[in-house]
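The structure appears below as structure tokens.
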Amino acid sequence: MGNNLECRWTKMVEMAKEAKETLAQITTMVVAERIDKSGCVHPRGRVTLDYLVEQSEDQVRFNTQYR
């Protein structure tokens, strides 16, 4: 059981490192200004964690509202 937990821990550490690197790359990107279907203006700017949270919430609203 100990070896199994160690393997899982090692894999989780690797996955966390990859996720942090991906997030670091994404937060250096710049997005173009756009207007979504509800008329909300999303200005041009850097991708931030707040922007990603907003996008996630928009997707949840869209996917739960239009069933």
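The values are calculated or read from the model by the stated rules, or taken from the named source; none is laboratory data. Here the structure is a predicted model, which is why all the values come from computation and not from measurement. We place every Cβ from the backbone using ideal geometry, glycine too, and count neighbours over all the protein chains shown. Quick note on the areas: whole protein, heavy atoms, side chains included, nothing else; ligands and nucleic acids left out. Shrake-Rupley method; radii C 1.70, N 1.55, O 1.52, S 1.80 Å.
Within region 51-67, being loosely packed, with under 10 Cβ neighbours inside 10 Å and modelled with pLDDT under 85 holds for Gln65, Tyr66, Arg67. Of all residue pairs spaced 6 or more apart or on separate chains, those with beta-carbon atoms under 7 Å, a first member in region 35-52 that is of a type outside the set (Lys, Arg) and a second member that is open to solvent by less than 90 Å² (accessible area, probe 1.4 Å) and assigned to a loop (DSSP other than H, G, I, E, B) are His42/Asp36; Val47/Thr27; Thr48/Thr27. Annotation note: Cβ proximity below 8 Å between a residue of region 5-27 that is closer than 27 Å to Asp50 by Cβ and a residue that is of a type in the set (Ser, Thr, Tyr) and surrounded by 10 or more Cβ atoms within 10 Å (Cβ to Cβ) (sequence gap 6+ or interchain) occurs for Thr27/Thr48.
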